[in-house]
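The values are calculated or read from the model by the stated rules, or taken from the named source; none is laboratory data. As the structure is a computational prediction, the values presented were derived from the model and not from experiment. Glycine also receives a Cβ, built like all others from the backbone with ideal geometry; neighbour counts cover every protein chain displayed.
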Amino acid sequence: MIVVIILLCVQQCEPEPVEIFVSPIMQRVSFLPVLFNAYDFQHWRADFGNPNELNAFGYELGNVRNNEPQVYTSTMVSIESGYLVITGNDYTSGSVFTNRTFTGGTFTIRAQFPHYSTGGDYCWGAIWLLGDDSCCAQQQCTCAWSQDSTGGIWAETGELDIAENWWGWHANAAHWGAWPNNYVLQGGGQWLSGWHTYTLEWLPSSVTFYVDGVQTLTVARAYDDPMRLIVNLAMTGDCNGQMLIDWIEWNGSL
């Protein structure tokens, strides 16, 4: 969910050839959950039925990236009524990342973002994957948006935005290339109210994004570096809202 001004690169750089598919169609399909609890194997699911499920995550703390106004703190992250809840208020919010990395597979997340017209106008919720060299190598992430904790530059190890909601829009996106010679392809549409299921299929030679089972973006490009899943509620102003996650599922058997 790192945002930079890419107009200069778009005008001056020749992007790598990719195949892209974007569809505005949105419809709901059913999803059959699979029960498992082996975080270190090829299948992981978090239903947030008890506070111990937060042990799979670490916390980002402080001002982390993009010169965003919010301060991240662990006190704004909780499990309530079977949901992972990230609350934004008074320029304070929360962000969590998985303690393990991933190198492929299918991610599916059922989530509800703050309603932008009822206190969430400045809320910028996101569910995304970031190359491990770009941030979150430790329990506390404090790296700058353009440089990682090991000296690498965003986004040379990739960024995959499974879902972002802000200012009345939702988006999926794939980023690659070290800043400032980086590229992005994006799909999405108008902001989605209520609960929706967001999916990323990460294959060896392509990534495909879905909303409620409908394909919204495909990028024919390999992402080989390990990434961590991040769930955060950033701000473009004083966000007053909550981001809810019903469950997260990863199937790494592809």
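Within segment 180-203, being part of a loop (DSSP other than H, G, I, E, B) and touching a helix residue (DSSP H, G or I) at 6+ places or on another chain (Cβ under 9 Å) holds for P180, N181, N182. Entry remark, segment 103-153: residues being modelled with pLDDT of 65 or more and of a type in the set (S, T, Y) number 5 in total.
State yes or no: is G58 assigned to a strand (DSSP E or B), surrounded by 10 or more Cβ atoms within 10 Å (Cβ to Cβ) and either modelled with pLDDT of 50 or more or among the hydrophobic types (A, V, I, L, M, F, W, C) (or both)? In short, yes. Scanning segment 204-224 for residues that are polar (S, T, N, Q) and either outside any strand (DSSP E or B) or over 22 Å from G189 (Cβ atoms) (or both) yields one hit, S205. Just to verify a result, which residue in segment 174-206, among those that are surrounded by 23 or more Cβ atoms within 10 Å (Cβ to Cβ) and aliphatic (A, V, I, L, M), is farthest from F107 (Cα to Cα)? Going through the qualifying residues, I end up with A174.
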